[in-house]
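This report concerns only the one structure given below.
Readers should treat all values here as calculations from the given coordinates under stated rules, not as data from a laboratory. Values in this document were obtained by computation on a predicted structure and should not be read as measured data. Counting neighbours? That spans all protein chains shown, and the Cβs are built from the backbone with ideal geometry, glycine included.
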Amino acid sequence: DVKVTQSSRYLVKRTGEKVFLECVQDMDHENMFWYRQDPGLGLRLIYFSYDVKMKEKGDIPEGYSVSREKKERFSLILESASTNQTSMYLCASSYRPNTQYFGPGTRLTVL
Amino acid sequence: DQQVKQNSPSLSVQEGRISILNCDYTNSMFDYFLWYKKYPAEGPTFLISISSIKDKNEDGRFTVFLNKSAKHLSLHIVPSQPGDSAVYFCAASVMYGGSQGNLIFGKGTKLSVKP
């Protein structure tokens, strides 16, 4: 079974703080993704990575950056958290880009 | 412009009856389609997929139908159970042809199955 874990299930931060969200997969998948899910907006792709040290912008990269130093780990960084970044953040991984397997999600609240 | 559309935000069905969730797409290059199920406070779970070379794929109570000419797919759940109550996301991608094959998601349909 594919296992994708995320460092926190719930997180509360203050405006302006730097926030790190960690994602780890144990299936040696090459591809990893970060999404955010908001009511009525579905899943929106923030960033993705097809290999170590490689990253590509998704549909809504503004205000975010990512890091992939090891194959199994993909980090999402909010450089200066803002209230409009309050959301559910979902990490996914896949061997091919098509069938993605998701982690449990991190519910981030920015006050 | 939405490339994958789920026009019904919600659907309510009686236990034991059929649930039909619909999805439309606009990009004729899409050739691989997936359905995910998501419970509150959990990540989406892969449910079933279909390639464009097929028009039907079945897995237990779940069947996905693809109508390429209409650019429409549907997920049938028979019989529906209360545990099926969740948000269902349709997703599409281009599997071949040199594209990166990222998934494009619809906005989801919330299914409620009443006992």
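Over chain B, one equal point on each Cα, no solvent: what is log10 I(q)/I(0) by the Debye formula at q = 0.14, 0.18, 0.20 Å⁻¹? After summing over all Cα pairs, the log10 values are -0.53, -0.86, -1.05.
The phi-based Karplus calculation (6.51 cos²θ - 1.76 cosθ + 1.60; θ = phi - 60°) puts the 3J(HN,Hα) values of region A:11-28 at 8, 10, 10, 9, 3, x, 6, 8, 10, 10, 10, 9, 9, 10, 10, 10, 10, 6 Hz, whole numbers, x for Gly and Pro. With springs only between Cα atoms under 10 Å, which of B:Gly60, B:Gly16, B:Gly43 fluctuates most in a Gaussian network model of chain B? Answer for the Gaussian network model of chain B: B:Gly60. Between A:Leu21, A:Leu43, A:Leu76, the residue with the greatest mean-square fluctuation in the GNM of chain A (Cα pairs under 10 Å linked by springs) is A:Leu43. Take the alpha-carbon centre of region B:10-46, take the same for region A:76-111, and report the distance between them in whole Å. If you average the Cα positions of each part, the centres end up 21 Å apart. Against the compact-protein benchmark of 2.2 N^0.38 Å, the Cα-based radius of gyration of region A:60-111 scales to 1.26.
Over the protein assembly as shown, the ratio between the Cα radius of gyration and 2.2 N^0.38 Å evaluates to 1.01.
Placing a label point 7 Å from the Cα of A:Thr15 along the Cα-to-Cβ direction, the residues of region A:84-111 whose backbone N falls under 19 Å of that point are A:84-87, A:108-111.
Proximity of backbone amide H atoms, modeled 1.01 Å from N, is registered between A:Ser82 and A:Gly16 at under 5 Å, excluding neighbours fewer than 5 places apart on the same chain. The HN-Hα couplings worked out from phi for region B:51-60 by the Karplus form 6.51 cos²θ - 1.76 cosθ + 1.60 (θ = phi - 60°) are 8, 5, 7, 10, 10, 7, 9, 10, 8, x Hz, whole numbers, x standing for Gly and Pro. Residues in region A:87-96 carry Karplus couplings, in order, of 5, 9, 9, 10, 9, 9, 9, 7, 6, 10 Hz; the curve used is 6.51 cos²θ - 1.76 cosθ + 1.60 with θ = phi - 60°, and Gly or Pro positions show x.
Over every Cα atom in chain A, the radius of gyration and the widest Cα-Cα span, Dmax, amount to 12.9, 38 Å.
Less than 17 Å from a label point 7 Å out along the Cα-to-Cβ axis of A:Lys3: which backbone N atoms in region B:32-50 qualify, by residue? Those under the cut-off are B:43.
If R0 is 22 Å, the Cβ-Cβ spacing of B:Asp59 and A:Leu41 corresponds to a FRET efficiency of close to 0.20.
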